[in-house]
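Notes to accompany the following structure.
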Amino acid sequence: MNYSKNPDDMPRPRKPQNDVDVQVNGNSKPSTSEEAQLLAFTTDHRHLSLIRTLHMADFITLLNGLCGLMSIFSSLRYCLGDPNDYFNLWLAIAFTPFGLFFDFMDGKVARLRKKSSLMGQELDSLADLVSFGVAPSCCAFSIGFRTGIDNAVLVYFVLCGLSRLARFNVTVANLPKDKSGKSKYFEGTPIPTTLSLVFLMAYWVHRKWIVDDIPYGVVGRDTWYAVHPAVGLFFISGCAMISKSLHIPKI
């Protein structure tokens, strides 16, 4: 009886999955690209290992967050300075569109270079929250939405943006896709749409409709329930962001 084996019957070496073959404890282990990146995050103990794992698109995303932070700082400077000097207020407003530019460019660069990281989506969400959630609310506070109820509405607005971004990260994989693999629509309005409120505030600053001259004035002045009716625009925007039934086609 012949026990010799035909070479064609011998087991063939496994082809690495997704062109990635990770070595763990000296043994070859199949891994997806994301698993390889996760392993790199958790096992790389070199100095500046976090920065080493970032791609060019991630650094552009950080510029988005930088614009949001500079907008916040400019709003604070206006509040601490001369209320008739609008320079810092204009800076606060101007930084937010630059944030949108970098938010657009990071995706462009990632697609052109065909490189992305596990941190990319998380960085994008956090930068968007700063630039299109916290920064616009600080601008609103600076121009005069400073009553207790105004502040509560602005907090609601930011938390809606935070919740909307978290939901997107969780559900994006399950949303209907087109032929190219992109989601067909957004659930709720994307957080960058809050720039419409920033542009509206820019118009008010241009017309000097701020502080005591905000459109529609204030209801219940000098009472605990004082509120500017115009702050309702931020409430509506927050509700639109967390809406489940509102589907915005993705361009």
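The values are calculated or read from the model by the stated rules, or taken from the named source; none is laboratory data. Note that this is a predicted model, so its numbers are computed, not measured. Don't worry about glycine lacking a Cβ; one is built from the backbone with ideal geometry, like all the others, and counts go over all protein chains shown. Accessible surface is based on the protein model in full, side chains and every heavy atom, while ligands, DNA and RNA are left aside. Shrake-Rupley method; radii C 1.70, N 1.55, O 1.52, S 1.80 Å.
Sorting the Cα pairs of the stretch 193-251 by distance into bins of 10 Å, from 0 upward, gives 19, 41, 28, 12, 1 percent per bin.
Given 0.36 nm per residue, what is the gain on full extension from ASN174 to MET105 after removing their alpha carbon distance, in nm? Don't skip to the end; give the middle numbers.
Values: separation 69, 0.36 × 69 = 24.84 nm, distance 2.49 nm.
Full extension of this stretch gives 22.4 nm more.
Could you sort PHE132, PHE141 by their accessible area in this structure, using a 1.4 Å probe and putting the largest first? Walk me through the numbers before you get to the answer.
On the way: PHE132 0, PHE141 80 Å².
Putting PHE132, PHE141 in descending order of accessible area: PHE141, PHE132.
Taking amide hydrogens as placed 1.01 Å from N in the peptide plane, the amide H of TYR185 sits under 5 Å from those of LYS250, each at least 5 positions away in sequence or on another chain.
Averaged per residue, the stretch 129-251 has 52 square angstrom of accessible surface, using a 1.4 angstrom probe with ligands and nucleic acids left out. Each label point was placed 7 Å from the Cα along the Cα-to-Cβ direction; for TRP204 and LYS244 their separation is 3.2 nm. Between the amide H of VAL219 and those of VAL227, HIS228, distances stay under 5 Å, these residues lying 5 or more places away or on another chain, with hydrogens modeled in the peptide plane. Using a probe of 1.4 Å on the protein chains alone, the accessible area found for VAL227 is around 30 Å². Binning the alpha carbon pair distances of the stretch 54-116 at 5 angstrom intervals from zero yields the distribution 4, 21, 22, 15, 13, 10, 7, 5, 3, 1, expressed in whole percent.
Quickly rank 200-212, 233-245 as a protection proxy: mean count of other C-beta atoms within 10 Å, highest first. Write down the numbers at each step before the final one.
On the way: 200-212: 15.0, 233-245: 16.8.
So the order, starting with the most tightly packed, is 233-245, 200-212.
Segment LEU80..VAL211, full-extension length gain: 45.8 nm, with 0.36 nm per residue of separation and the alpha-carbon distance subtracted. Classify the stretch 59-167 from the C-alpha gyration tensor, please: rounded if a/c falls under 1.5, else prolate or oblate depending on whether a/b exceeds b/c. Because a/c hits 1.5 or more and a/b fails to exceed b/c, the stretch 59-167 counts as oblate. For HIS247, the residues whose amide H sits under 5 Å from its own are GLY188, ignoring neighbours fewer than 5 places away on the same chain, with H placed 1.01 Å from N. Computed extension length for ALA152-TRP90: 19.9 nm, one decimal, from 0.36 nm per residue of separation with the Cα-Cα distance subtracted.
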